[in-house]
Amino acid sequence: MIIDADSLDPTAAYKLLIGSIVPRAIAWVSTLSVDGVANLAPISFFTAVGRTPPKVSLSLQPRMDGVTLKDTFVNIRDTGEFVTNLVTLPQVHSVHRTAAEWDSAQDEFVEVGLEKESCEVVKAPRVKGAPIAMECVLDRIIPGDHNENVVWGRIVRFHIRDDVYVGDHRVDTAALLPVGRLAAEYTVAESAFVPPLDEEVLERYRGVRMRRLDEEDDGWSPIETPAWSPSGSIIE
């Protein structure tokens, strides 16, 4: 199948992107509005974009109506601050719930029953229990089409839980159980390797499909359900 990217509408392009760029790291972004209301949302168009100084990038779409800017973007734009919290399996239910479109006056920490921890530089809180959190200050905003915006943030503080820090600026990644995105689904990283691998191992995995951790049938996708939205938000 060959698809002309110029022929795609935003929904079709989004489906192909999220199904092709896998797994995607998730930034669980906490912000604070100018009125002091905390916001928390998972963003899977997220990556590192620099080392000196360390920077991260978030790509933010509008809400499900295709027009209204998401609270995450508005808060970053208006306050110049945000925190990216690492998503791991123990907190994934809360992560998924914060993907819903809450009212701007609602505090997602309160709504999903999460505790806050203070940061050192930025006013936005971080998620208590997250093994890694990065305090960020706004570096730049890159406007895009269809009310989409790319945000770059400069990391000013790393918060790394003592039990996953092994010294010499190394993180014990094997202890994290980080969660990523596969299209509209999630995946947990639970294996590691460095090539080369034995041919026997490669052969054992050839043609093998991922195993599901839920009770859905192989090949099922939330994209085919009313709960999915091309905004990246969920419908509860």
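Read the figures in this text as sums done on the coordinates, not as results from a lab. Treat the numbers as computed from the prediction; the structure is a model and nothing was measured. Cβ atoms come from the backbone with ideal geometry, glycine included; neighbour counts cover every protein chain shown.
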inquiry  = Filter region 1-40 down to the residues that are touching a Gly at 6+ places or on another chain (Cβ under 9 Å) and within 17 Å of residue 231 (Cβ to Cβ) and list them by number.
reply    = 10, 14, 18, 24, 26
query = So which residues in region 149-208 are in a strand (DSSP E or B), among the β-branched types (Val, Ile, Thr) and within 25 Å of residue 17 (Cβ to Cβ)?
reply = 150, 151, 179, 187, 188
task = Those residues that are in contact (Cβ under 8 Å) with a residue 40 or more places away in the chain and either in contact with a helix residue (DSSP H, G or I) (Cβ under 7 Å, 6 or more places away or on another chain) or more than 30 Å from residue 44 (Cα to Cα) (or both), I need them from region 187-204; list them, please.
result = 188
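Looking at this structure, is residue 180 closer than 20 Å to residue 96 by Cα, out of contact with any helix residue (DSSP H, G or I) (no Cβ under 9 Å at 6 or more places or on another chain) and touching a residue at least 60 places away in the same chain (Cβ under 8 Å)?
The answer is yes for residue 180.
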inquiry  = Restricting to region 205-224, count the residues that are surrounded by 11 or more Cβ atoms within 10 Å (Cβ to Cβ) and without any contact (Cβ under 8 Å) to a residue 12 or more places away in the chain.
reply    = 3
Output for region 11-36, where each listed residue is in a strand (DSSP E or B) and either under 12 Å from the mean Cα position of the chain (by Cα) or within 19 Å of residue 186 (Cβ to Cβ) (or both) = 24, 25, 27, 28, 29, 30
ask   = Based on what the data block shows, is residue 157 farther than 30 Å from residue 193 by Cβ, surrounded by 17 or more Cβ atoms within 10 Å (Cβ to Cβ), in contact with a Cys (Cβ under 9 Å, 6 or more places away or on another chain) and not small (Gly, Ala, Ser)?
value = no
Some residue of region 111-132 being surrounded by 17 or more Cβ atoms within 10 Å (Cβ to Cβ), in contact with a strand residue (DSSP E or B) (Cβ under 6 Å, 6 or more places away or on another chain) and in a helix (DSSP H, G or I) = no
request  = Among residues belonging to region 99-138 that are among the aliphatic types (A, V, I, L, M) and over 14 Å from residue 156 (Cα atoms), point out the one that is nearest to the chain's Cα centre (by Cα).
outcome  = 99
ask   = Out of curiosity, is residue 142 loosely packed, with under 13 Cβ neighbours inside 10 Å and either under 19 Å from the mean Cα position of the chain (by Cα) or within 22 Å of residue 116 (Cβ to Cβ) (or both)?
value = yes
